[in-house]
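A.B. asks: Below is one structure. I have some questions about it.
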Amino acid sequence: SLGQRIAAEGIDVWNPSFDVTPAALLAGVITEHGVIEKDVRGVFPVGEFVAKVKGGEVVQSALSGPPGFIALNCETVLDYAASKESVANVLGGAATRSAWTAKEIGDGNINFVYIITGASPDKSVIL
């Protein structure tokens with residue numbers, strides 16, 4: 001049905017057909033210029049790939065957001081949890097932060113969801 005309307009007339013929605021799949025389940029990203037494969041860190045070097053295709057340099061841009069914005073990943077989410085006393089207490093206290101682990105579980109949307117396990121494996125939170 002390429003090029004054929006499938007939404008009712010008057011509906012202004014663009015909804016491409018894709019699912020948000022956790023990166024851990026992907027081996028490569030296929031583009032019209034080739035495949036982006038994970039590097040030794042398990043990261044897709046998208047910026048490097050684009051720079052190579054365009055014959056330029058990698059441009060690093062800082063993440064930005066409103067005041068207090070924190071870009072969360074499996075490391076920064078631990079720091080964030082440690083900064084919230086009520087959360088840290090459930091995990092064994094901020095002093096045990098170095099023993100905590102985080103796993104990104106995704107919720108099927110573009111939201112990030114993490115399971116944080118404290119120093120004791122029976123103590124965890126979902127953030």
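A.B. asks: What is the gain in length, in nm to one decimal, between Glu85 and Glu48 on full extension, counting 0.36 nm per residue of separation less the C-alpha to C-alpha distance?
C.D. replies: 9.4 nm
A.B. asks: So if each residue of separation counts as 0.36 nm, and I subtract the Cα-Cα distance between Ile105 and Ala27, what length gain in nm does that give?
C.D. replies: 26.3 nm
A.B. asks: For the residue pair Glu37 and Ser120, what label-to-label distance in nm results when each label sits 7 Å from Cα along the Cα-to-beta-carbon direction?
C.D. replies: The modelled label-to-label distance comes out at 4.6 nm.
Bear in mind these aren't lab numbers, they're just calculated from the coordinates by the rules spelled out. Computed from a predicted model, the values in this text were never measured in an experiment. We place every Cβ from the backbone using ideal geometry, glycine too, and count neighbours over all the protein chains shown.
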